[in-house]
Every structure is written in structure tokens, then in C-alpha cells.
Amino acid sequence: MGAGPSAKPLHVVIAGGGIGGLTAALALAQAGLRVTALERAPGFEEVGAGLQLAPNAVRRLRALGLMPALERPSLRPELVRIRGAGDSAEIARIPLGPIAELRWGAPYLVIHRADLLGVLVAACKAHPAIDIMTGTEVVGFAATAGGVEVAARRGAETLRIAADCVIAADGVRSRLRERFGLGFADRPVWSGRTAWRALVPAAQAPDFARKLETGLWLGPRAHLVHYPLRQGDSINVVAISEDAWRADDAPDIWSISGDLTALSPAFARWSPDARGLIAAAPEWRRWPLFDRAPASRWTVPRVGLLGDAAHPMLPFLGQGAGQAIEDASALAAAFQGHPGDVAAALAAYQAARAARAAAVVVASRRQGAIYHLRGPMALARNLVMKRHSANQMLSRLDWLYGE
Ligand SMILES: Cc1cc2nc3c(=O)[nH]c(=O)nc-3n(C[C@H](O)[C@H](O)[C@H](O)COP(=O)(O)OP(=O)(O)OC[C@H]3O[C@@H](n4cnc5c(N)ncnc54)[C@H](O)[C@@H]3O)c2cc1C
């Protein structure tokens, strides 16, 4: 069922204008499809904070021609320095910088999520085959004779959009995943961990945090990650602790201010260096972390899942957005490999992605457990890391970054 060169391009509706949805829009349009991307929020203004973009993601963004636009808003950390939380002593380091680029074919970047979204929105708006609509929530779909009709709410209006295929890229709490029958039984489950996120103005941050490197501090039942953002003007700090959070603990969980060492006792006995960085944060935002099994099926006829909707993951490998970007490029390759044949393209997409994404979900969970070890187990972990050469540290990442 191939489409000839003069055939009308397939029309794909994407539900969700996050990193996954917008990367998919661009990749599909570059593969010759027509795309309508619908985003529920009224605009693409800032939510979130820093993102680490590993070489597996950056290689795909570069293939979409985005590298020049990413150059200015991103930074390239020279290494990851791993320290013990109690005494600040270095446990190990993983070289990045030019070594990452040589080994994995693309640099390791850090960027503000809003800046990455800005780059994607600009590229999508500049592409004639992409139509982006904000303030538009996808509420359902129905099969039609030759395709699918997507129902979307825009203010008081209900839009009905005819398409050949719909991609649900509506995030970790995907309603569409349930609506398409791809995940009723496995709702997101509270993981027992909270991520506290802050942006510290560089002028107020301790010297060690202003270096062009990613810091990873390991403590009992908690860890801390930091790296500079936006030409080094601010430091992105993420502190993850095990907590007894309940939904009714705080009415507005997104805007908790205060000293984290007071908010979460997990950090109270950390070294003065780590506590100094924590204390420098003007405001903390709290993200309860939810876990969910990856969808066992990613597609039903004319529908596919993408990004967190298909495979939400705990953030301990910094790969959620990276895997969404991998999905986007695999989806476009599947349509290129099966021109005009939605069923074959969706089947090829699922085959290309499901096992890989599930492996990253599992590895992310395991990484969290390793980071939060206590007592003798933590000592053993540190000893093993100390004994690893730089090359051994890098080779453990080949399966993830080299794919
Ligand atoms: C603390 C923390 C740190 C992280 N750090 C990293 C990192 O360093 N590197 C990394 O790669 N990943 C990281 N992640 C993960 C990453 O943020 C997510 O995996 C990624 O943003 C998922 O993108 P997405 O497009 O699938 O979903 P989302 O970004 O959630 O986008 C979904 C979009 O769909 C919209 N939407 C929802 N429902 C509808 C509807 N019905 N109709 C229309 N639109 C709808 C939403 O408004 C939203 O804009 C981190 C996550 C956390 C919590």
C-alpha cells in the first residue's frame, strides 16, 4: 500500500505539545507528513527547570537540524563529579565534554526545559506542514471509514479534526492512554520519592556549583544533582529524597518555599558544602515522583503512544525527555519505511521502541535504589565506583548513550 510521489501526505494529529509531541511533530513533518499538534495549555510558557540531554537525544535533535538553535541556550558539562553527601569527598568522575562527543557521536548538553521547548516551537512554526494549536485539549477520537476523527475542546467550542493517525503525547498522567484502552490497570503509583527543584542565581551559589560540570551527591535515602544553566547565570538543583508524602499534605504542592534541610530531614546531616548550596535556593518546587509500568501495547489501529504517555520513568538516569525524543525519531523513520501505510508504520514504531524504553525504565528504577543505599551497602558502592577507571565508567553508559 505504498503512496506514490504525488499522493496526498498522511495527516497526523499529535495530542500534547511537550518535548515528545513537538519533536515528533517536527520529525514527522520532515519525513513528509502533515501534522496538527494540539496542546491543552494556553501557551508554551515556562514549566519545569533544567534538563540533561544525553548524547542519544542530542544526536537525534541534531539530525532534525536543531543544533545551531541549541548552541546558545545549552551548556556542555565537562564531567560528572560524584561526591559523598556526608563529607563532600569525591567518589568518582565521569568525563563528558569532547570525550562524550567522540565516544557517542554527540555532545552531552544541559538546557532549561523552556529553552528546549522554545527551540522546538520555533522550528515547528517555521515548518509549513505543521499546524500548532494551543488552548486545545484532545478529549476523544472515533474511527471513521478511512481514518480517525479527533475531538478536541477549545474554550466552549468542540473541534472535530479528520486525520489518518493520532499520537498521544500527553504525558505521565495520560488520559488518552486509558481512553485508547492501553493502560487502565496500571495507574501511576507514588514512588515514595520527592524531587525538590530549585534555580539558584549563580552569584549566590558556592564556587563548586558554578563549575561547568554536573555534581551528583549521594547520601542515605537521598541524592542531589546540580549543573549550571543559561550561560552559567543560574544553577539548576534537584534534590531527591524518600518521603511520606500524601496528596493532602499541601494544597499547592508546586510552590513550596523554604529551606530544604528544614522541609526534608534527609538533607539535615549533609556536609556544609551541600547544605550551603541547598540553603542558597530562593525557592523550592516539589515534584512527587510517580512510577508506572511502561505500556505493554503502544498502539491500537491508527493510534500510537509517545513519550511519558507510553513509558514514564523515574528521573534517575535523566532520560525521560531523551526517550521521548528517541520515540519521535523512530516514529518518523517508521512512516518513512512504510509510506502511506499507518498500520505497518505503527507496528514498526512499537517494535523499534518498546523493549528499549522498558529497559531504560527498569534501569532508572535500579539507579535510584543504588543512589540511595545506606551503611555498608553504600560503602561497598563507593568502593566499586572508586576502583572504576574513567573508561570503565564510560563503557557502562554505552548501551544508553550510544544507541
Ligand atoms: C525531577 C525531574 C527531573 C527530570 N530530569 C530530566 C533530565 O535531566 N533529562 C530528561 O531527558 N528527562 C528528565 N525528566 C523527564 C522529562 O521531563 C519528561 O520525561 C519529559 O518532559 C516527557 O515529555 P512528554 O512530551 O512525553 O510529556 P510532557 O512534557 O508531560 O508533555 C505532555 C503535554 O501534553 C499536554 N496535554 C496533556 N493532556 C492533553 C490533552 N488531552 N490534549 C492536549 N494536550 C494535552 C500537557 O499540557 C503537556 O504540555 C525529569 C523529570 C523530573 C520530574
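Computed from the coordinates by the stated procedures, all read-outs in this text should not be read as laboratory data. Just so you know, these numbers come straight off a predicted model, no measurement behind them. Methodologically, a virtual Cβ is constructed for each residue, glycine included, from the backbone with ideal geometry; neighbour enumeration extends over all protein chains shown.
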Sticking with the crude label model, points 7 Å out along Cα→Cβ, report the distance from Glu101 to His127 in nm, one decimal please.
2.5 nm
Under a point-charge model restricted to the Cβ atoms of Lys and Arg (+1) and Asp and Glu (-1), what is the dipole moment magnitude of the range 1-159 relative to its Cα centre, in debye to the nearest 20?
380 debye
With +1 on each Lys and Arg Cβ and -1 on each Asp and Glu Cβ, and nothing else charged, work out how big the dipole of the chain is about its Cα centre, in Debye to the nearest 20.
740 debye
Assign unit charges at the C-beta atoms only (+1 for Lys and Arg, -1 for Asp and Glu), then state the dipole size of the range 305-387 relative to its Cα centre in Debye, rounded to the nearest 20.
740 debye
Taking only the Cα atoms of the range 304-403, how large is their convex hull per residue, in Å³?
86 Å³
If Trp104, Trp217 are placed from fewest to most neighbouring beta carbons inside 10 Å, the sequence is Trp104, Trp217
Rounded to whole angstrom, the alpha-carbon centroid of the range 327-403 lies from that of the range 99-120 at a distance of 17 Å
Which ordering of Asp164, Asp327, Asp170 is given by a fewest-first count of other beta-carbon atoms within 10 Å?
Asp164, Asp170, Asp327
Candidate lysines - alpha carbon under 25 Å from Lys125, same-chain residues fewer than 8 apart omitted
Lys8
What order do you get for Tyr108, Tyr227, Tyr349 when you list them from fewest to most C-beta neighbours inside 10 Å?
Tyr227, Tyr349, Tyr108
Taking a crude spin-label model, label points 7 Å out from Cα along the C-beta direction, the Glu178 to Ala355 distance in nm is 3.2 nm
Using each residue's phi in the range 60-72, evaluate 6.51 cos²θ - 1.76 cosθ + 1.60 at θ = phi - 60° and report the 3J(HN,Hα) Karplus result to the nearest Hz, with x for Gly and Pro.
6, 5, 5, 4, 7, x, 8, 4, x, 6, 7, 3, 5
Cα-based Rg of the range 84-224 per 2.2 N^0.38 Å, rounded to two decimals?
1.54
Return the ratio Rg/(2.2 N^0.38 Å) for the chain, where Rg is computed over Cα atoms only.
1.00
Which of these, Gly97, Gly16, Gly65, has the largest mean-square fluctuation under a Gaussian network model of the chain (Cα springs below 10 Å)?
Gly65
